[in-house]
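This report concerns only the one structure given below.
The values are calculated or read from the model by the stated rules, or taken from the named source; none is laboratory data. Note that the structure is a prediction, hence the values are computed from the model and not measured. FYI the Cβ positions are ideal-geometry reconstructions off the backbone, even for glycines, and counts take in every protein chain you see. Remember, those area values only see protein heavy atoms, side chains included, never the ligands or the DNA or RNA. Shrake-Rupley method; radii C 1.70, N 1.55, O 1.52, S 1.80 Å.
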Amino acid sequence: MNRRGFITGTAGMLAFGGGVGTLGWRAATGSMGEYNTHVATLRAQLPHDPTLRDLIRYAVLAPSGHNTQPWRFAVDEHAIVISPDLSRATPVVDPNDHHMFVSMGCAAETLRIAAESTGRPGEIEPEEEGSVHYTFAEGAPRLSPLFAAIPRRQSTRADFDGRRVSVVDLMTLEREAKMPGVALVLVTERPGIDRIRDLVIAGNGAQMADPAFMAELKHWLRFNPRLAMKMGDGLFAAASGNPILPDQLGRGAFDLFFRATAENRKYGHQIDTASGIAVFFGDREDRAHWVAVGRACQRFALAATSLGLRTSFVNQPVEVARLRPELAALVGASGKRPDLVMRFGYGPDLPFSSRRPVDAVLS
Ligand SMILES: Cc1cc2nc3c(=O)[nH]c(=O)nc-3n(C[C@H](O)[C@H](O)[C@H](O)COP(=O)(O)O)c2cc1C
């Protein structure tokens, strides 16, 4: 079971679903067939000569904390400006908007890769007041494997198969994720991975014991395809490998069955089967560096996807502030503030998460 989703025991689900007929159930949840068509449209390859709007559709395929998509885009002739959408903040898990600016960095880098690959190369500049500018010119298209990976990347919250990643591929990941102002540590030996696992579990236990954290998480859960398509945001149960339920049943089941013991066991398996863990550190604790961290981690995830690897965040040891010093120390970075933790390895495809339409993010 995973913190960002939830699962119910089969017995509990049957008890809950006992009074609901198949047709009523389907009407309440929608179907995975419809959902898959919906996400395929969101993730369709860009046309040969994309408009700026097409590029923004690709940019919003970037990851964001709780899939809040906390961004707005304004379009100019030679610039796209991304601003934070403060109405989508998650103040409990992210009290100083760190994840919000990291998410904007993920979107900005995705935009830059898509624009450069299709003939609008440019630069990303974070501004003092919090917006991020992508300024571009006309240029020859420069395709990259990272571009092809944009619609295929996902946060895969599943067990991996434990296979080791070759040294050559690890070097590719490090090279592609290089970003000024950001350091990356890859942990691929078991003792180090085990210690990070223990910190993830400690952090998850602390978060799940906090009613405010649980209430905020529940607000962003989407228990079925119908709700995930309607809202276009949030954490879709099936994208975490969890069962689909009508909304009310999902909410009740979350309260009744979502427990730290089972979640921690699931995290243990997920990290035990990972090939490695990537820890990202910004040189400074400010918005510009959080944007840079987002850019680096998105490049890492896209490079991993292009190599056939899966990734998913396990950020509990950075979200629970008291665990940060221990995490930093165990990867040899005492005194620095770790920004993100991501596991990687070989694993299955899970259903993709949804996105809001481009119109909803245009200023
Ligand atoms: C800054 C940031 C923090 C995140 N933290 C977590 C996390 O701790 N655990 C997790 O399972 N997913 C985490 N995510 C992943 C998001 O939930 C995910 O990107 C979102 O649901 C969209 O799904 P996708 O990545 O599959 O497109 C994080 C993403 C970002 C950008």
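Annotations for the structure displayed:
- The trypsin sites (Lys or Arg not before Pro) of region 113-154 that DSSP puts in a loop, and whose beta carbon has at most 12 other beta carbons within 10 Å, are 142.
- Think of it as helices only: each DSSP H run of n ≥ 4 in the chain is worth -39500 (n - 2.57), and spread over all residues that comes to -13500 deg cm²/dmol at 222 nm.
- Size of electric dipole in region 164-255: Cβ of Lys, Arg +1 and of Asp, Glu -1, about Cα centre, debye, nearest 20: 200 debye
- 1.4 Å probe accessible area per residue over the chain, in Å²: 41 Å²
- Residue separation of residue 218 and residue 262 scaled by 0.36 nm, minus their Cα-Cα distance, works out to 14.1 nm of gained length.
- Think of each Lys and Arg Cβ as +1 and each Asp and Glu Cβ as -1; about the Cα centre, that makes the dipole of region 208-363 roughly 180 debye.
- Top of 164, 197, 322 by mean-square fluctuation, Gaussian network on the chain, Cα under 10 Å: 322
- Proximity of backbone amide H atoms, modeled 1.01 Å from N, is registered between residue 276 and 344 at under 5 Å, excluding neighbours fewer than 5 places apart on the same chain.
- Within the accessible surface of the chain, defined with a 1.4 Å probe on protein heavy atoms only, the carbon and sulfur portion equals 56 percent.
- Note, ³J(HN,Hα) from phi for region 253-263, Karplus 6.51, -1.76, 1.60, rounded to Hz, x at Gly and Pro: 5, 4, 5, 7, 10, 7, 10, 4, 4, 5, 4
- Computed on the Cα trace of region 208-267, the radius of gyration divided by the Kirkwood hydrodynamic radius gives Rg/Rh = 0.95.
- Shown for region 86-173 is the translational diffusion coefficient from the Stokes-Einstein equation, using the Kirkwood radius over Cα pairs, a temperature of 25 °C and a viscosity of 0.890 mPa s: 155 µm²/s.
- Between amide H atoms placed 1.01 Å from N, distances below 5 Å from residue 30 occur with 226, all of them 5 or more places distant or on a separate chain.
- Remark: C-alpha extents of region 228-335 on the principal axes read 45, 30, 29 Å, sorted largest to smallest.
- The chain shape via C-alpha gyration tensor axes, a/c threshold 1.5: oblate
- Cut-off 12 Å between beta-carbons: net charge of the residues surrounding residue 271, Lys and Arg +1, Asp and Glu -1: +3
- Part-to-part distance (alpha-carbon centres) for region 162-190 and region 114-159, which is given in Å: 20 Å
- Backbone phi angles across region 86-96, fed through the Karplus curve with coefficients 6.51, -1.76 and 1.60 (θ = phi - 60°), yield HN-Hα couplings of 5, 5, 10, 5, 10, x, 7, 6, 9, x, 10 Hz in residue order; Gly and Pro are listed as x.
- Cut-off of 10 Å, at most 10 other beta carbons, DSSP loop: longest stretch of the chain lacking such GluC sites (Glu not before Pro): 190-363
- Heavy-atom accessible area, probed at 1.4 angstrom with all protein chains present, ranks 25, 290 as 25, 290, highest first.
- Karplus-derived 3J(HN,Hα) values for region 153-170, using 6.51 cos²θ - 1.76 cosθ + 1.60 with θ = phi - 60°, are 5, 8, 8, 9, 8, 9, 5, 9, 9, x, 4, 6, 8, 5, 4, 4, 5, 4 Hz; glycine and proline are entered as x.
- The chain - charge dipole about Cα centre, Lys and Arg +1 at Cβ, Asp and Glu -1, debye rounded to 20: 1060 debye
- Listed residue (124, 276, 292) projecting farthest to the positive dipole end of the chain, Cβ model: 276
- The Cα center of region 224-275 and the Cα center of region 298-326 differ in position by 19 Å.
- Total formal charge among the other residues, if their Cβ is under 15 angstrom from that of residue 133, Lys/Arg +1 and Asp/Glu -1: -3
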